[in-house]
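So the structure is just underneath, and the comments pick up after that.
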Amino acid sequence: MDLLLTYADPLSENGGESFVRGVILEEGLPVPLLQYVFVNPDNPREWYRSDFVWIFPGGYTVVLEFDGMAKYVDPTMTDGRTIRAVVSSQSERERVIYACGADRIVRATFEEALQRKPLVDKLVGAGLPRNPRTETGAPPAIPFLVAGQQWDERLRQSWMRSFHAAS
């Protein structure tokens, strides 16, 4: 119960996102930022929210999008657009997220999260460290940078101590 309360977050938009985040944490991956907003540098009125984001020292940024088929075919989610139009919008969205500094965008399905290994392999392949669990079963916390925050030697040493303490 303590683990659940430690990582409970109202920013998960649905049960699928909560499940994916649970898999991420149980598999010893870093705690992600949720619903992170990327603002188009060429048009500040255009912004996109990503399901999961990790921002590492030096600014390396990984985005995970939890995808289902409904966003392509469910009329309540497509606003009457064709699959081609939805895919085109998704491509533009990714272009903006990359322009905002994302280094990798990973897409995952519920089936991949249910099987665990495909999701973990994608995230580790994108550069996420997989850490040993602490005594409570939770992964060690890894600090993330927010816009404007500088990574300094003090933060690096703190992160290294927490990582090695959990090893």
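Summed over region 37-52, residues that are closer than 18 Å to F19 by Cα and without any contact (Cβ under 8 Å) to a residue 40 or more places away in the chain total 2.
When we screen P32, P44 for residues that are farther than 13 Å from Y98 by Cα and crowded, with 18+ Cβ neighbours inside 10 Å, the only hit is P32.
Where helices (runs of 4 or more DSSP H) sit wholly within region 3-109, those with at least 1 residues that are modelled with pLDDT of 90 or more occupy 15-26, 83-99.
The values are calculated or read from the model by the stated rules, or taken from the named source; none is laboratory data. Please read all numbers here as calculations on a predicted model, not as lab measurements. Reconstructed Cβ throughout: ideal geometry from the backbone, glycine too, with neighbour counts over all protein chains shown.
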